[in-house]
Every structure is written in C-alpha cells, then in structure tokens.
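Trainee: This is the structure I want to talk about, given as structure tokens.
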Ligand code: C2E
Ligand code: MG
Ligand code: MG
Ligand code: MG
C-alpha cells in the first residue's frame, strides 16, 4: 500500500494488521481446545426488585478460566468465538449449563431460588436455523419451564441477522422471554419495538451512569422507562453502582435493576443471605 500524497509505504500498518489476525487465529484455536478441556464457567449476577430488594432473576455470564491467564473476560473472547463460529457450540453449552443450574436451584431452594435466568445470545446464534431447537432441548433436558428463561439479544443482532426475527418468534412460541440488551446503544432502538417480539428492555449502563446529575442521561432514562411502561414491557436498569443511582431509578419508575451495587457476578450465588463473594 502507498499512503496517499506522502508516498510513504504502509508497512507498519499492514504488519500490525497481520499480527492482529494471527493473534485472532491463535486465540480461536485456543478457544476450541478450551471448550474440549472444559475451561469455561458461568457466573451469575443478581437482577433485583427496586421496591422490595428481592431477587427477580440472575444473568448468566461466561468466563474462560485459563490455566495461565486466570479469568478471561467474555469481551475478549466472545467476539473471536463469533468470528470463527465456535459461539454456536459454546452458546449451546452456555444454554444447557444455565438451564440446568436454574432448574437445580428451583429444586433445591424453592421460593428462595431466582424466578428466572437470563442468558446472552449472540448475533451468530440468532441467525442459526436450528437455534430454537437448541433452546427447546436445553429446556426439555433440564426440566426448566420456558417462562423461567430470558434470552438477551442486542438490537444490532436483531437488526443484522436475516433469520433473527424469525428465531425470536420461535422462542416466543416456546414461551421463552426476550430481552433487548444494552438498549439505546444500537442502531435502530425505538423502531425495533414495533416489530420485534420483546418482553424486557435492559437500559444500558451509559444512561444510568450520570443519572443523579440532572442532564441528558436522566432525560433519556426517563424517556425509556416511559416507553417501556407504555408498551407493557419490563425495564431493567443496567450497571447500577451506587445507592443514589438505585434511589433515583426507583423514583423514575424503574422496578428492576442490576449492577455492582446489588452484587457482582459470582459462580455460586448465596441466595440464603444478601452477601455474595465477588469473583470478578
Ligand atoms: P452484558 O450482557 O451487557 O453484561 C453486563 C456486563 O456488565 C457484564 O460484564 C457485567 O459483569 C458488567 N456489569 C454488571 N454490573 C456492572 C456495574 O455495576 N458496573 C460495571 N462497570 N459493570 C457491570 P461481562 O461479564 O464482562 O460481560 C460483557 C459482555 O460480554 C456482556 O455484556 C455480553 O455482551 C457478553 N457476554 C457475557 N457472557 C456471555 C455469554 O454467555 N454469551 C454471549 N453470547 N455473550 C456474553
Ligand atoms: Mg446481557
Ligand atoms: Mg447488558
Ligand atoms: Mg451493557
């Protein structure tokens, strides 16, 4: 390549690109081996009722427990697994594991168990023709009732995936709930709500962050709770880190919230007491 005007070659740039794709390929191969070696684990973060403080659900979040690097964040490896297609197999494992765990809590803890489990699903999974069958099998094998499962998808995944909308209708037909994750940060936002079968709006952390200061974020958070309520949807505020944010969200009409203020994601949540030990 020639840099336009300067006549300087782009050697440095291409070398970095090559290094990047080599690194991606290496990581992709490592992920395959990690799945075979059983190195993935789920952690669970509480979603709580703001009026009562009770546990409404838990969100399952995947971790890679790397033999040398320790806990690896999904932000690092989920995009790579999406790229090389491994997310389909990893995602099926995540669904089976989360449904089995949730069914086990229900059997052991009864009413102390979270009523639902939320599972993140990526664009690639949503576009896969057999995805609803994967969900259906995870429910049947675990014995978890379909209404206890919430599938979290992003606006972008729904927007870009050709088959995504059809899949969401199939999930709804099973009785599974659908949540739009990181709501408000994608491409289409409000327009999607007219066509997509959705039950829950997860209002992105970016709108929660400065909510206690009168300004844009508070205005948008207010608009989003009004849209949710008006459409008969459930809103969940994400990334709540302080008691002040929780109080303000409650005042605005939010009934459900999630964030470090209520609990970090942990491998074994203790539903008997309020205290849980953070692992990440
Ligand atoms: P997400 O689904 O929006 O998950 C919320 C993320 O925010 C989690 O990060 C969680 O640990 C973090 N978080 C929760 N409360 C707070 C808070 O109060 N403050 C801050 N700073 N962060 C908070 P995590 O676990 O690293 O996951 C990042 C993203 O990776 C997820 O965003 C989701 O898009 C993706 N992901 C995680 N697990 C899975 C999975 O099992 N499957 C798929 N396809 N994607 C996953
Ligand atoms: Mg999520
Ligand atoms: Mg989210
Ligand atoms: Mg988010």
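Trainee: Select, from 107, 56, 140, 75, the only residue that is buried (at least 19 other Cβ atoms within 10 Å of the Cβ) and either in contact with a strand residue (DSSP E or B) (Cβ under 6 Å, 6 or more places away or on another chain) or assigned to a helix (DSSP H, G or I) (or both). Walk me through it before giving the result.
Mentor: Working: 107 fails: buried (at least 19 other Cβ atoms within 10 Å of the Cβ); 140 fails: buried (at least 19 other Cβ atoms within 10 Å of the Cβ); 75 fails: buried (at least 19 other Cβ atoms within 10 Å of the Cβ).
Only one candidate passes the filter, namely 56.
Trainee: I want to confirm something. Restricting to the range 182-197 and keeping residues that are within 14 Å of ligand 3 (Cβ to nearest atom) and under 17 Å from residue 229 (Cα atoms), which single residue is modelled with the lowest pLDDT? First the steps, then the outcome.
Mentor: Residues of the range 182-197 that are within 14 Å of ligand 3 (Cβ to nearest atom), as a first pass: 182-186.
Within this subset, residues satisfying the condition of being under 17 Å from residue 229 (Cα atoms) are 183-184.
Numbers: 183: 93, 184: 88.
Taking the candidates together, the pick is 184.
Trainee: Return the residues of the range 77-101 that are closer than 13 Å to residue 31 by Cα and away from ligand 2 (no atom under 16 Å from the Cβ); say none if nothing qualifies. Before the answer, list the steps.
Mentor: Residues of the range 77-101 closer than 13 Å to residue 31 by Cα: 77-91.
Across the range 77-101, the qualifying residues are 80, 83, 84, 85, 86, 88, 89.
Trainee: Would you call residue 115 without any contact (Cβ under 8 Å) to a residue 12 or more places away in the chain and over 12 Å from residue 44 (Cβ atoms)? Full working, then the answer.
Mentor: Values: without any contact (Cβ under 8 Å) to a residue 12 or more places away in the chain: no; over 12 Å from residue 44 (Cβ atoms): yes.
In short, no.
Trainee: While we're on this one: With 175, 191 as the choices, which residue is out of contact with any strand residue (DSSP E or B) (no Cβ under 8 Å at 6 or more places or on another chain) and either more than 19 Å from residue 59 (Cα to Cα) or within 16 Å of ligand 2 (Cβ to nearest atom) (or both)?
Mentor: Working: 175 fails: either more than 19 Å from residue 59 (Cα to Cα) or within 16 Å of ligand 2 (Cβ to nearest atom) (or both).
Checking each option against the conditions leaves just 191.
Trainee: Out of the residues in the range 246-257 that are within 21 Å of the chain's Cα centre (by Cα) and away from ligand 2 (no atom under 16 Å from the Cβ), which is surrounded by the fewest Cβ atoms within 10 Å (Cβ to Cβ)? Let's see the steps before the verdict.
Mentor: Filtering the range 246-257 down to residues within 21 Å of the chain's Cα centre (by Cα) leaves 246, 249, 254-257.
Then drop every residue that is not away from ligand 2 (no atom under 16 Å from the Cβ), which leaves 246, 249, 254-255.
On the way: 246: 22, 249: 26, 254: 26, 255: 19.
Here the answer is 255.
For every residue, the table says whether it meets (1) modelled with pLDDT of 95 or more; (2) over 19 Å from the mean Cα position of the chain (by Cα).
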residue	(1), (2)
98	yes, no
134	yes, no
150	yes, no
160	no, no
163	no, yes
167	yes, no
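Trainee: Is it fair to say residue 62 is at pLDDT below 95, under 23 Å from residue 261 (Cα atoms) and surrounded by 18 or more Cβ atoms within 10 Å (Cβ to Cβ)?
Mentor: Spelling it out, it is not the case that residue 62 is at pLDDT below 95, under 23 Å from residue 261 (Cα atoms) and surrounded by 18 or more Cβ atoms within 10 Å (Cβ to Cβ).
Trainee: Does the range 35-52 include one or more residues that are out of contact with any strand residue (DSSP E or B) (no Cβ under 9 Å at 6 or more places or on another chain) and either closer than 22 Å to residue 179 by Cβ or modelled with pLDDT under 95 (or both)?
Mentor: yes
Trainee: Take the range 263-274 and flag every residue that is in a loop (DSSP other than H, G, I, E, B) and at negative phi.
Mentor: To start, the set of residues in the range 263-274 that are in a loop (DSSP other than H, G, I, E, B) comprises 263-265, 267-274.
Of everything in the range 263-274, those that are in a loop (DSSP other than H, G, I, E, B) and at negative phi turn out to be 264, 265, 267, 268, 269, 270, 271, 272, 273, 274.
Trainee: Consider only pairs whose beta carbons are under 6 Å apart and that are at least six residues apart or on different chains; among these, list those whose first residue lies in the range 228-241 and is on the phi > 0 side of the Ramachandran plot and whose second residue is surrounded by 22 or more Cβ atoms within 10 Å (Cβ to Cβ) and in a helix (DSSP H, G or I).
Mentor: Pairs found: 239/208.
Trainee: Ok, one more. Taking the criterion of being closer than 21 Å to residue 257 by Cβ, free of Cβ contacts under 8 Å to residues at least 60 places away in the same chain and surrounded by fewer than 17 Cβ atoms within 10 Å (Cβ to Cβ), would at least one residue in the range 174-181 satisfy it? Talk me through it step by step, then tell me what you get.
Mentor: To start, the set of residues in the range 174-181 that are closer than 21 Å to residue 257 by Cβ comprises 177-181.
Narrowing further to those that are free of Cβ contacts under 8 Å to residues at least 60 places away in the same chain: 178, 180.
Pick out the ones that are also surrounded by fewer than 17 Cβ atoms within 10 Å (Cβ to Cβ) and you get none.
Checked the range 174-181: no residue is closer than 21 Å to residue 257 by Cβ, free of Cβ contacts under 8 Å to residues at least 60 places away in the same chain and surrounded by fewer than 17 Cβ atoms within 10 Å (Cβ to Cβ).
Trainee: If you don't mind, there's one more thing I want to ask. Kindly provide the set of residues from the range 215-244 that are more than 30 Å from residue 197 (Cβ to Cβ) and surrounded by 14 or more Cβ atoms within 10 Å (Cβ to Cβ), ordered by number.
Mentor: Hits for the range 215-244 are 241, 242.
The values are calculated or read from the model by the stated rules, or taken from the named source; none is laboratory data. What you see is a predicted model, and the numbers here were worked out from it, not measured in a lab. We place every Cβ from the backbone using ideal geometry, glycine too, and count neighbours over all the protein chains shown.
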